[in-house]
Every structure is written in C-alpha cells, then in structure tokens.
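K.L.:
Next up is a structure, given as structure tokens.
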Ligand SMILES: Cc1cc2nc3c(=O)[nH]c(=O)nc-3n(C[C@H](O)[C@H](O)[C@H](O)COP(=O)(O)OP(=O)(O)OC[C@H]3O[C@@H](n4cnc5c(N)ncnc54)[C@H](O)[C@@H]3O)c2cc1C
C-alpha cells in the first residue's frame with residue numbers, strides 16, 4: 001500500500017470549514033495536506049445560500065480572518081454583496097458560489113497548502129488515543145498518510161468517529177436530526193415581477209412571529225443587496241390543493257445570486273435521513289431530485305416572475321444539516337447562543353440564527369401531505385466558541401471545524417451556519433498547526449498563545465467595540 005509522507009497536519013474535508021482550516025494551518029507554518037472527496041473546494045458553501053451572521057443582529061462583526069478574506073476576494077469579482085442588516089436573520093450577504101469556489105482555490109494555491117482531491121477518508125490508524133495516520137481511497141487504490149495532528153472538517157465527524165472520538169448523534173434523547181434539502185439554482189427569471197407580486201401579497205412574505213416593526217417590508221428588502229425572500233405559503237397551499245405539490249414543506253425561500261439573473265431555491269425536504277448512511281443518502285438524492293422537478297413545475301405555474309424559469313444546476317450533493325456532534329470538554333448550549341455568551345478560551349464567534357427545520361416529521365405518505373416550516377431566531381449579540389468545543393474527547397491529536405463541533409442539537413442549529421463554520425475552520429486549522437509545530441496536543445496548548453496567533457491572523461475572537469452597520 002502506498003504511504004504518502006511529510007506532513008505535520010492533515011485536514012480531512014475541503015468544504016466551508018476545511019478549505020479555510022487548511023489555509024490557516026499552512027499559513028501558520030505547518031506542512032499541511034487537505035484531503036477532499038470531490039474535485040473542488042467549498043462544500044455546502046457552494047450551494048449558493050446567502051451568508052447569515054457575518055455580522056450579528058446589532059451590527060457587530062462576527063467573522064474576520066480567512067473567511068473575511070474569502071468574502072473580500074469574491075467581492076473583487078462581484079461574487080459577494082455588502083452585508084446588510086436583516087430583521088429575521090440578523091445580517092445577510094448574497095454570494096455567487098462559483099466566485100467562492102474559484103477564489104478559495106486561488107487562496108489555497110497561494111498559501112502553500114497541498115491538496116489531494118478525489119480522495120475519500122476511509123479509516124484512521126490509531127495507537128492508544130493518538131491518530132498515527134489516515135487511510136484513504138482514490139483512483140490508485142488505498143493509501144496511508146501519517147501526520148502529527150489532524151483536523152476533521154468532514155461535516156459528519158467521520159475522522160473523529162473512525163479514531164474513537166466521543167460523539168452524539170442528532171437531538172438529545174431521540175437522535176432525530178434536521179431534515180435534508182437540495183438547494184438548486186434557477187435562471188430565466190424576472191425578479192422585478194416577483195417583488196411586485198410580493199408588494200401586492202404581503203401574506204406570502206414570511207414575517208417573524210411577533211414582529212411589529214415596519215422594517216419587514218418588501219420595499220426594504222428589495223432595496224438591500226443580496227436579500228431574498230421566504231414564505232410563499234398561499235401559493236404552496238393553492239398548488240397542494242390542486243394536486244401540483246407534494247413536498248413536505250409549506251414555505252420556500254429564494255436567494256438572488258449577485259451579478260446573475262439567477263436565484264437559489266430552498267424548498268426540497270426529506271425527513272429521517274441519516275447523512276452517514278449511504279442507503280439513506282441515496283434515497284435523499286433520488287427524492288430531492290424528483291422534488292426539484294416538481295418544484296420547477298410549481299414555480300413556473302404559480303410564482304409570478306418564474307414563468308420561464310429553468311434549472312441552471314442541481315447541487316453536487318444533497319445538503320445535510322445535522323449528523324454527529326463530537327463531544328468536547330464543553331458542549332455549547334442554546335442558552336450560550338441566545339445570551340451571546342463569552343468564554344475565557346473562545347477562539348471564534350457565531351451569529352448565524354438558531355435555525356431548526358422541523359425535525360420530528362413522520363415519513364410522508366403518498367398524496368397530499370401537510371409540510372412544516374422552520375423555527376428561526378436571530379442572534380443580536382454574537383457568542384464566543386470555546387476551543388474546548390473544537391477538541392473531541394478520546395483523541396489526543398485532533399481538532400474539529402465546521403458543523404460537527406461540540407454543541408447541543410439546538411446550539412448546532414446556529415453553529416452550522418456558513419460564517420460560523422469558516423470561523424471554526426480557521427481556529428481548528430491554526431490550533432492543529434500550533435500543536436504539530438510545538439509537539440504537544442491541542443488541549444495542552446496555552447490558550448492565550450492560540451488566541452494571540454488567531455488575533456494576529458485577524459480572526460474575530462472578542463466582540464468588536466465598533467459596529468460595522470447600524
Ligand atoms: C440545505 C441547507 C441550507 C443552508 N442554508 C444556509 C444559509 O442560508 N446560510 C448559511 O449561512 N448557512 C446555511 N446552511 C448551513 C451551512 O451551509 C453548512 O452547515 C456549512 O456550509 C457546513 O460546512 P462544513 O464545512 O461543516 O461542511 P461542508 O461544507 O459540507 O464540508 C464538508 C466537506 O468534507 C468533504 N467530505 C465529507 N466526508 C468526507 C470523507 N469521508 N472523505 C473526504 N472528504 C469528505 C465533503 O465533500 C465536503 O467538501 C445550510 C445548510 C444546508 C444543508
């Protein structure tokens with residue numbers, strides 16, 4: 001079996017968190033390899049959903065460092081909008097997934113990070129609690145790749161699970177997970193017509209429960225860059241009654257892509273999918289792809305402005321919201337998230353809303369079924385993410401970036417947001433590099449040293465003193 005050698009750090013998974021973790025580790029001075037199963041970087045970020053929580057709801061920056069550089073790089077080719085205050089999400093920024101993907105590749109090539117694409121993590125070779133090497137599979141067969149420290153950014157904590165790390169799965173008590181959705185892009189639209197329809201039909205705009213201000217108006221949304229809309233419940237109800245709509249979801253959202261006459265559509269949904277089980281994943285792909293077809297017919301027939309729309313692209317894979325949560329020596333809670341809590345050992349911040357899509361749905365039967373919506377509450381004050389949430393119990397030389405960090409089901413509903421994954425990826429990569437270079441485990445590093453290196457890399461650890469926007 002081939003042995004590929006010479007690395008201090010290996011990052012598994014080159015998605016939203018992993019690409020940034022790899023750049024962070026390489027820039028910190030570690031010889032770093034990133035292993036990714038697909039041929040490009042960015043993972044779920046490249047589904048094109050707008051970034052919520054770059055700033056918190058009060059307008060203070062929550063994401064800096066390499067994630068912010070990525071956004072600025074994409075902005076230089078008109079691939080990211082300004083960040084706007086949003087009454088439901090706290091803040092919102094539109095993005096072009098192709099710009100993000102290619103900008104990430106440019107940043108990687110300038111960072112010294114080495115890539116091994118089209119390669120799947122299969123197993124870990126472990127001695128006691130220390131990972132000696134990973135086993136991967138690719139077109140050449142199996143390879144073994146040793147390193148001093150590892151970063152798991154697979155989203156599903158695949159490496160932590162293979163290495164004997166402690167984790168939970170889904171919601172506490174019943175192991176239910178958020179449903180999966182395939183986000184797809186459509187073009188051939190006349191959005192002005194859609195906004196005009198919404199002006200006439202405020203019942204189709206998703207206004208948060210209890211919201212009484214006047215900020216939640218179509219005119220206010222329309223005026224801001226990168227802002228889409230969610231709702232359209234009356235149209236869905238009508239289509240369901242006519243037998244034209246069977247998706248178990250009663251609302252939908254669209255996100256405009258900057259510089260394109262295209263939007264992403266968030267409407268598909270399949271419940272009871274275990275994203276770590278290939279049979280479930282296959283069912284999810286089949287069902288969501290059939291739902292995309294039905295949704296496109298629905299959009300053409302019912303939504304003004306979408307009469308001539310066509311599918312520009314279906315996603316590289318179905319979007320998984322939740323699977324394993326690693327257990328660190330601290331588990332982030334919903335109370336921490338809601339309170340905007342700070343921690344002595346914080347290494348990143350989060351401000352993505354608490355965003356839970358209805359979890360406990362029965363598997364829908366054939367015919368017309370009522371669908372659910374989404375519980376979402378914005379974060380006005382960003383919260384700190386402790387280093388303890390990025391270091392799994394049971395494995396000495398591993399850090400975690402991205403949605404599988406140590407958090408409760410509810411808290412992970414916020415920590416899974418794209419800006420938060422970028423921030424935890426940055427921290428996890430820097431911690432792994434420092435651990436490899438200093439010859440100690442991530443948990444043994446001085447947290448003050450880690451924080452000072454992260455600050456020197458422009459990561460946002462404390463809430464800034466000045467607001468970015470009112
Ligand atoms: C449907 C949906 C809608 C969302 N909407 C929004 C939104 O509007 N705004 C927002 O900010 N966030 C949103 N999110 C949340 C956010 O997009 C994701 O939680 C986040 O991007 C996940 O980042 P990650 O790095 O943890 O995982 P990913 O980006 O999924 O990266 C994981 C990477 O690891 C690779 N990988 C996995 N396993 C292996 C393996 N064994 N071997 C090799 N490679 C592997 C994958 O190919 C992938 O590249 C949404 C998520 C979903 C699913």
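K.L.:
Can you tell me the 0 to 90 degree angle between the C-alpha axis of helix 447-456 and the longest principal axis of the chain, rounded to 10?
P.N.:
Its long axis makes an angle of about 60 degrees.
K.L.:
Each label point is 7 Å from the Cα along the Cα-to-Cβ direction; what then is the distance between the points at residue 280 and residue 2, in nm?
P.N.:
Result for the modelled spin labels: 3.3 nm.
K.L.:
Another question, then. Where does the chain land at 222 nm, in deg cm²/dmol rounded to the nearest 500, when only DSSP H runs of n ≥ 4 count, each adding -39500 (n - 2.57), divided by all residues?
P.N.:
-9000 deg cm²/dmol
K.L.:
Also: Along each of the three principal axes of the Cα atoms of the range 110-269, give the extent in whole Å, ordering the values from largest to smallest.
P.N.:
Between the extreme Cα coordinates on each principal axis of the range 110-269 lie 65, 45, 36 Å.
K.L.:
May I pose another question? Could you estimate the translational diffusion coefficient of the range 297-442 from the Stokes-Einstein equation, with Rh from the Kirkwood formula over C-alpha pairs, at 25 °C and 0.890 mPa s, in whole µm²/s?
P.N.:
Result for D is 141 µm²/s.
K.L.:
Taking Rh as the Kirkwood radius, which is the inverse of the mean 1/r over Cα pairs, what is the Rg/Rh value for the chain? Don't skip to the answer; put the middle values down first.
P.N.:
Details: Rg = 21.4 Å, Rh = 22.2 Å.
Dividing the radius of gyration by the Kirkwood radius yields 0.96.
K.L.:
Would you mind checking the tilt of helix 18-27 against the longest principal axis of the Cα atoms of the chain, expressed as 0 to 90 degrees and rounded to 10?
P.N.:
Long axis of 18-27 versus the principal axis of the chain: about 40 degrees.
K.L.:
Quick check: from the Cα gyration tensor, does the range 186-338 come out rounded (a/c under 1.5), prolate or oblate?
P.N.:
Judged from the Cα gyration tensor, the range 186-338 comes out oblate (a/c at least 1.5, b/c at or above a/b).
K.L.:
Mind jotting down the distance between the C-alpha centroids of the range 394-470 and the range 43-106, whole Å?
P.N.:
18
K.L.:
How would you rank 98-110, 79-91, highest first, on the average number of other Cβ atoms within 10 Å across their residues? Display every interim value, and only then the final one.
P.N.:
Details: 98-110: 18.6, 79-91: 23.0.
The densest-packed peptide leads the list: 79-91, 98-110.
K.L.:
For the chain, what proportion of DSSP beta bridges, expressed in % and rounded to the nearest 5, is antiparallel?
P.N.:
Roughly 75 percent of the DSSP beta bridges within the chain come out antiparallel.
K.L.:
Could you work out the mean projected area of the convex hull around the alpha carbons of the range 373-470, in square nanometres to one decimal?
P.N.:
Dividing the Cα hull surface by four gives the mean projection, 7.6 nm².
K.L.:
Taking Cα atoms, how many degrees apart are the long axis of helix 418-438 and the longest axis of the chain, rounded to 10 and kept between 0 and 90?
P.N.:
Rounded to the nearest ten degrees, it is 0.
Every number in this text was worked out from the coordinates using simple rules, so none of it is lab data. Computed from a prediction, not measured in an experiment: that's the story for all the values here. Methodologically, a virtual Cβ is constructed for each residue, glycine included, from the backbone with ideal geometry; neighbour enumeration extends over all protein chains shown.
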